[in-house]
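S.K.: Could you have a look at this structure, given as structure tokens, before my questions?
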Amino acid sequence: MNWLDMIGWTGSALLVWSLLQARILRLRALNLVGCLVLIGYNAALAVWPMVGLNVVLAVINLWYLRGMLATRHDAQTYQVVEVGVDDQFLAHILRVHAADIARFDPGLRLDQHTERRSAFLVLRADEVVGVVLARAEGETAQVDLDYVTQRFRDFTPGEFVYRRSSLFTDRGFRRVVSPPGMVAPYYHRLGFRPEGGSYALDLPLPAAA
């Protein structure tokens, strides 16, 4: 096998690997790289129909990547909806994703502190991309669960709960503290600071009326 064949096999492998990704951003990025490799490979062999196909696929991937990256911090794209802690749709989401939730928040106890807990769903159009459960501890909002569905795990939809809404400040909270022992936390990307085994964020004072 010569070096050119190796390039072709590498590009094909990247395309196949991309289709195995559950995370939509990673899928598009890997698929784009695979297309670029195959453009070079097929151009070297003068297989122009395949060059054209991969150019079109690369442009499609670039289009979707541009849209995803441009809207990842867009409050018009992601909406936060408060629901009751006993809401049946919330219960369904938690049940469907129970095994995945346990991987990232193994100490979660949904049957505790329910009387002081608030529940929020982060939505993209009509698709649930995240769930946040938080309870009152004085002026601190203690987060019990901050879960992002697998498709959107390369993004940070939790920011729309913590930084781009008044959901906590309107309730008189001055701090938000992340769940202790959370696996693969992302809070440093939102301006939280390490505090013991958790992360904490000081909330701004609400604007004067």
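S.K.: Taking the stretch 129-142, which residues are among the β-branched types (Val, Ile, Thr) and either out of contact with any His (no Cβ under 9 Å at 6 or more places or on another chain) or part of a loop (DSSP other than H, G, I, E, B) (or both)?
M.R.: Val129, Val132, Thr140
S.K.: Restricting attention to helices (runs of 4 or more DSSP H) lying wholly within the stretch 1-115, give those where 2 or more residues are within 30 Å of Asp144 (Cβ to Cβ).
M.R.: Values: elements: 3-19, 24-44, 48-71, 88-96, 98-104.
Here the list reads 24-44, 48-71, 88-96, 98-104.
S.K.: Please go through the stretch 148-174 and pick out each residue that is assigned to a loop (DSSP other than H, G, I, E, B), under 18 Å from Ala200 (Cα atoms) and out of contact with any Leu (no Cβ under 8 Å at 6 or more places or on another chain). If you could, list the steps in order and put the result at the bottom.
M.R.: So in the stretch 148-174, the residues assigned to a loop (DSSP other than H, G, I, E, B) come out as 149, 153-158, 163-168, 172-174.
Add one more test, that the residue is under 18 Å from Ala200 (Cα atoms), and what stays is 156-158, 163-168, 172-174.
Within the stretch 148-174, Pro157, Arg164, Ser165, Ser166, Leu167, Gly172 qualify.
Rundown of residues vs (1) surrounded by 15 or more Cβ atoms within 10 Å (Cβ to Cβ); (2) in contact (Cβ under 8 Å) with a residue 24 or more places away in the chain; (3) aliphatic (A, V, I, L, M), yes/no style:
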position	(1), (2), (3)
Ile39	yes, no, yes
Ala44	no, yes, yes
Leu53	yes, no, yes
Leu57	yes, yes, yes
Ile60	no, no, yes
Leu65	yes, yes, yes
Met68	yes, yes, yes
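S.K.: For the structure I just gave you, tell me whether Ser118 is part of a loop (DSSP other than H, G, I, E, B) and more than 20 Å from the chain's Cα centre (by Cα).
M.R.: Values: part of a loop (DSSP other than H, G, I, E, B): no; more than 20 Å from the chain's Cα centre (by Cα): yes.
Judged against the criteria, Ser118 is not a match.
S.K.: Could you check the stretch 119-136 and list, in sequence order, the residues that are open to solvent by 10 Å² or more (accessible area, probe 1.4 Å) and in contact (Cβ under 8 Å) with a residue 40 or more places away in the chain? Before you say what the answer is, go through the steps one by one.
M.R.: Of the residues in the stretch 119-136, the ones open to solvent by 10 Å² or more (accessible area, probe 1.4 Å) are 123-128, 135-136.
Leu123, Arg124, listed by residue number.
S.K.: Starting from residues that are of a type in the set (Val, Ile, Thr) and within 20 Å of the chain's Cα centre (by Cα), keep the ones in the stretch 23-75 and report whichever is modelled with the lowest pLDDT.
M.R.: Thr71
S.K.: Follow-up. So which residues in the stretch 175-192 are assigned to a strand (DSSP E or B) and within 20 Å of the chain's Cα centre (by Cα), if there are any at all?
M.R.: As a first pass, look at the stretch 175-192 and keep what is assigned to a strand (DSSP E or B): 175-177.
Those that are assigned to a strand (DSSP E or B) and within 20 Å of the chain's Cα centre (by Cα): Val176, Val177.
S.K.: Which ones in the stretch 159-183 are among the charged types (D, E, K, R) and open to solvent by less than 40 Å² (accessible area, probe 1.4 Å)?
M.R.: Glu159 - this is the single residue of the stretch 159-183 that is among the charged types (D, E, K, R) and open to solvent by less than 40 Å² (accessible area, probe 1.4 Å).
S.K.: Next question. I need every pair where a residue in the stretch 179-207 that is within 14 Å of Thr140 (Cα to Cα) has its Cβ under 8 Å from the Cβ of a residue that is open to solvent by 70 Å² or more (accessible area, probe 1.4 Å) and modelled with pLDDT under 80, sequence separation at least 6 or different chains.
M.R.: Between residues of the stretch 179-207 that are within 14 Å of Thr140 (Cα to Cα) and residues that are open to solvent by 70 Å² or more (accessible area, probe 1.4 Å) and modelled with pLDDT under 80, the close pairs are Leu201/Arg163.
The values are calculated or read from the model by the stated rules, or taken from the named source; none is laboratory data. Not measured: the values here are computed from a predicted model. Quick reminder, even Gly has a Cβ in these numbers, built from the backbone with ideal geometry, and neighbours come from all protein chains shown. In case anyone asks, the SASA skips ligands and DNA or RNA and just uses the protein heavy atoms, side chains included. Shrake-Rupley method; radii C 1.70, N 1.55, O 1.52, S 1.80 Å.
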